[in-house]
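Values quoted throughout were computed directly from the atomic coordinates according to the rules given, and no laboratory measurement underlies them. Remember, predicted model here, so these are calculated numbers, not experimental data. For neighbour counting, all protein chains shown are included, and Cβ atoms are generated from backbone atoms with ideal geometry for every residue, glycine included.
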Amino acid sequence: ARGRLTVSEPSPRSETDPVGRAAIDGARRAERAGHVDGYAPLIDFDALDARTVAVRLQVAPTALDGVVEMLADHAVTVFETTGRLNVFAVCRFSTDDRRDAFLATLAGDDCVRDVQTNPALRTVVEGDATSLL
């Protein structure tokens, strides 16, 4: 399993590699500027056989906080977005039954006007922004 890059941990790339050096320098600048809230482990959900689902919701604006609380148990990331579907979440589930039950709960909630889901086929990039450079 890979972990997030921190200044105190070795880079997954060599510090002599220009991309690795840029990532380390960028992390240090972000920390000094106060833009880093902390570090968290990067869990290999594929190894745990977790089901990853992208969930897009249309939620009444006045009910947003309550729906986000509902997502908290399963969502790794939640964004409030523009447009009709105003919530985007990446959710993980340990079984198909748990996924189906949770999505049924969302669909039945009076504050949720629409639910659209897409199961992920595989994790392409997660937590390693240097691979995008």
Compute the signed sum of charges (Lys and Arg +1, Asp and Glu -1) over the other residues within less than 12 Å, Cβ to Cβ, of Thr117. +1
What are the ³J(HN,Hα) values, in whole Hz, obtained from phi via the Karplus relation 6.51 cos²θ - 1.76 cosθ + 1.60 with θ = phi - 60°, for each residue of the stretch 72-83 in sequence order, with x given for Gly and Pro? 4, 6, 10, 8, 8, 9, 9, 10, 8, 10, 8, x
Trypsin sites (Lys or Arg not before Pro) restricted to the stretch 49-118 and DSSP loop, no more than 12 other C-beta within 10 Å: Arg84
Estimated FRET transfer efficiency when R0 is 30 angstrom, pair Val68-Glu31 (beta carbons, to 0.05): 0.65
